[in-house]
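The values are calculated or read from the model by the stated rules, or taken from the named source; none is laboratory data. Bear in mind the structure is a predicted one, so any value in this text is a computation, not a measurement. Every residue, glycine as well, gets a Cβ built from its backbone with ideal geometry; the counts of neighbours run over all protein chains shown. All accessible areas refer to the heavy atoms of the entire protein, side chains included, with ligands and DNA or RNA removed. Shrake-Rupley method; radii C 1.70, N 1.55, O 1.52, S 1.80 Å.
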Amino acid sequence: MSTRFRALKHRNFQLFIGGQLVSLIGTWMQSTAQLWLVYKLTNSAALLGVFGFANQIAILVLASVGGYVGDRYNRHRGVIWTQTASMILAFLLAGLTLSGSIHGTRGAWVIIVIGFLVGIVNAFDVPIRQAFLVQMVGKEDLPNAIALNSSMFNGARVVGPAIAGFAIAWIHEGWCFFLNGVSFIAVILALLAMRIPKIETRKPESSPLRNFLEGFRFAMNDWPIRSTLLLLSVLSVFGLQYSVFLPVFARDILHHDAKGFGLLMSAAGIGAVVGALQFAARTSYKGLARSIALMSVICAACLIAFSQSTSFWLSSALLFVIGFAATSQMAATNTTVQNRVPDQLRSRVMAVYATMFMGVQPIGSLLAGGVAKRVGAPRTLEIFGVLVLAASLVFAMKVVTRVPRAPVPTPAD
């Protein structure tokens, strides 16, 4: 099997990738339709920021509980339960939208509340699912599984928004939500078909907060993990907020409809897929800090350029590069963390990873919405891009030039 796809030799991971690919296409369809529908109902960039905040704030608050559950209980069953809960919420949103209950500002707030409930589910799903990867492929193929998982996630990010854009233009946003609900059936069946060896689970010995603090102390005391997570947090708070404003750019600056919005989302997704596959082809994981710094600088520069673009195709090309660079940085950071963490702390440290990556995004979304209300979306992204660029240069000067305390191991070690 090609080195690029070596984790696929594991049957359980094959099932996981197949089911997740179908499900995530539906998830991206729903996310795209939610953003477009909120902006269509309200014409408010600030409410787009509120939606982004509501959709992810639970991860900041509850990721510690998710990591606690993942380290103490059956991760396989945990993922099945989170996927089932997400399916129920998708069908609920579809029913409300298709019945005509979603309209006006009140309807936008209904979408925001359901987004908040989905975020609660994700607060458990993300750390449990990330820690579950090692049970499917083992430690040796884990870095490749991380990269392929990212490729699959971003492959869905290419297809889902494009389908959603055309579905919104030709049919209705509600059908995007309905198809997302149906897509969860694939991943639930795939999870049920897995043969996972039984592992001994431990009864809780301390509170979720204490367990989270154990993972946080480990992460902050490990120089490579701490430095890469801090830069990832800056990218998450400021660099990834462009997606929140894409409805504004698509309709008001680039003068395109929902189809154009879907294509812009897909352009970033294509770049992300290429970035993830490029990382998956790596057989040596040395020099990750240098790669993280370079990708972060590229992402910041393209974000600044995107904020000034008035050309649809130039904007699409810049989003392609942003997707490539951001995903490469995320995969390198995830690999750095997972290669250095002991198995008994894996879910807890991945909860820290989820908190510092996804958990801080709502803060950025709320901040972005407030700033955009005063200076506009383009100026907001320009400011955010400058902040990411500054953090990237500090990382390059303070971290890349510093000799790590311990080398990141390779699969051959």
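A few notes on this one:
- Test result for residue 82, over 17 Å from residue 353 (Cα atoms), open to solvent by 30 Å² or more (accessible area, probe 1.4 Å) and touching a residue at least 40 places away in the same chain (Cβ under 8 Å): no
- Filter result (more than 15 Å from residue 355 (Cα to Cα), open to solvent by 20 Å² or more (accessible area, probe 1.4 Å) and in a helix (DSSP H, G or I)) within segment 215-237: 221, 223
Let's see how each residue does on (1) under 27 Å from residue 160 (Cα atoms); (2) more than 16 Å from the chain's Cα centre (by Cα):
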position: 270; (1), (2): yes, no
position: 292; (1), (2): no, yes
position: 315; (1), (2): yes, yes
position: 330; (1), (2): yes, no
position: 336; (1), (2): no, yes
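- The condition (being open to solvent by less than 50 Å² (accessible area, probe 1.4 Å), touching a helix residue (DSSP H, G or I) at 6+ places or on another chain (Cβ under 7 Å) and among the hydroxyl-bearing types (Ser, Thr, Tyr)) is satisfied by just one residue among 105, 97: 97.
- Test for residue 44: is it over 28 Å from residue 144 (Cβ atoms) and open to solvent by less than 40 Å² (accessible area, probe 1.4 Å): yes
- Tabulated pairs, segment 154-179, first in contact (Cβ under 8 Å) with a residue 24 or more places away in the chain, second aromatic (Phe, Trp, Tyr) and surrounded by fewer than 20 Cβ atoms within 10 Å (Cβ to Cβ), C-beta under 9 angstrom, 6+ apart or interchain: 167/175; 168/175; 177/91; 178/91
- Matching residues in segment 71-84 - criterion: being outside any loop (DSSP other than H, G, I, E, B) and not hydroxyl-bearing (Ser, Thr, Tyr): 71, 72, 75, 76, 77, 78, 79, 80, 81, 83
- Restricting 297, 349 to those that are open to solvent by 40 Å² or more (accessible area, probe 1.4 Å) and out of contact with any Cys (no Cβ under 9 Å at 6 or more places or on another chain) reduces the list to 297.
- Residue match in segment 85-105 (condition: assigned to a helix (DSSP H, G or I) and closer than 23 Å to residue 368 by Cα): yes
- Residue in segment 325-347 that is farther than 30 Å from residue 211 by Cβ and at pLDDT 90 or above present: yes
- Of all the criteria given as (1) touching a helix residue (DSSP H, G or I) at 6+ places or on another chain (Cβ under 6 Å); (2) in contact (Cβ under 8 Å) with a residue 40 or more places away in the chain; (3) surrounded by fewer than 21 Cβ atoms within 10 Å (Cβ to Cβ); (4) not charged (D, E, K, R), the one not satisfied by residue 74 is (1).
- One residue from 215, 181 being among the small types (Gly, Ala, Ser) and modelled with pLDDT of 90 or more: 181
- Candidate set: segment 4-41, residues that are more than 19 Å from residue 86 (Cα to Cα) and of a type in the set (S, T, N, Q); chosen: the one surrounded by the most Cβ atoms within 10 Å (Cβ to Cβ): 12
Conditions tested, residue by residue: (1) among the polar types (S, T, N, Q); (2) in contact with a Cys (Cβ under 8 Å, 6 or more places away or on another chain); (3) at pLDDT 80 or above.
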| site | (1), (2), (3) |
| --- | --- |
| 116 | no, no, yes |
| 131 | no, no, no |
| 135 | yes, no, no |
| 139 | no, no, no |
| 146 | no, no, no |
| 151 | yes, no, no |
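- Scanning segment 120-151 for residues that are of a type in the set (Gly, Ala, Ser) and in a loop (DSSP other than H, G, I, E, B) yields a single hit, 138.
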